[in-house]
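Notes to accompany the following structure.
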Amino acid sequence: MSKRFHRSMFALMLLALAMPAVGRQITLEKFRAGMLVPEDVSVQFEDASGKPITFDQFVAAARGGSFSKDIDTEAKKAVFRINDPSTSHKSAAKAPALNVGRGQSLPATELSTLAGGRWTPVAKDGRYTLLSFYFDECVPCIAEIPALNAYAHAHPEVRVLAVTFDAAKSARTFRATRHLEWPIAPDAQAFIDALGVRTYPTLLLVRPDGTLADSFTGAGLESKDGAARLEAWVHRTQAGMLR
């Protein structure tokens with residue numbers, strides 16, 4: 001039987017998203033849960049050179065940089081390593097002022113997708129959800145589509161949904177001409193207003209229980225490393241490393 005192995009590399013997040021030295025305390029238990037490490041898998045932390053370090057040392061280093069994770073489910077071992085700063089990327093973003101704060105539940109709703117599916121904030125399958133808010137004439141929204149598609153292909157463990165106030169007909173045209181491969185929920189003005197989304201594009205990461213993990217807007221994901229930057233933000237948010 002072939003070895004089951006999962007590896008993902010995460011680029012450097014901007015200083016604005018880096019967690020300050022004094023702030024929310026991250027426990028090993030919360031970190032493991034956020035990174036979806038199975039209970040029977042041991043965890044090792046390493047610096048950029050591969051030298052073992054403590055969890056506290058890892059958190060301190062990761063706050064100002066980025067890290068990769070290797071999870072070997074057969075060997076039951078997970079390794080989290082600080083990335084070399086010289087190979088990391090920087091970005092810039094500022095979270096929007098939403099009506100829902102971190103840890104708060106999203107408005108109870110059921111959105112219909114173009115394909116006839118139904119979406120609710122709570123994920124019964126235990127997955128995180130990444131929401132992308134756009135409209136058809138939003139140039140930055142169009143520019144980040146390659147990064148969104150690449151992320152979705154690489155991370156089937158995360159639910160994805162594009163949300164727009166555009167009518168279904170416009171959304172279908174957008175999908176066909178702009179090649180967005182995410183499910184699209186059109187006619188969602190009421191949900192958008194309830195959340196308080198005012199800036200486009202805006203991304204929301206939602207926990208499986210339907211609460212907001214974090215938001216990311218004006219991400220600039222149109223660059224070549226856009227998918228890596230998106231991956232880094234999701235990764236750091238799941239790990240609890242928020243500003």
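Bear in mind these aren't lab numbers, they're just calculated from the coordinates by the rules spelled out. Please read these numbers as outputs of a predicted model, since none were measured by experiment. Please note: Cβ atoms are built from the backbone with ideal geometry, for glycine as well, and neighbour counts cover all protein chains shown.
Quick notes on this one:
- Between A176 and K77, residue separation times 0.36 nm minus the direct Cα-Cα distance comes to 31.4 nm.
- Inter-site label distance for L28 and E137 at 7 Å from Cα along Cβ, in nm: 5.6 nm
- Taking each residue as 0.36 nm, the span from S68 to N99 lengthens on full extension beyond its C-alpha to C-alpha distance by 7.9 nm.
- Net charge over other residues, Cβ less than 14 angstrom from the Cβ of F165 (K, R count +1; D, E count -1): -3
- Sorting Y128, Y134 by the number of Cβ atoms found within 10 Å of their own Cβ, with the fewest placed first, yields Y128, Y134.
- Global form of segment 111-219, assessed from the alpha-carbon gyration tensor, a/c cut-off 1.5: rounded
- For the pair K124 and E110, label points projected 7 Å from Cα toward Cβ lie 1.1 nm apart.
- Using 0.36 nm per residue and subtracting the Cα-Cα separation, the extra length available between A167 and V41 on full extension is 40.7 nm.
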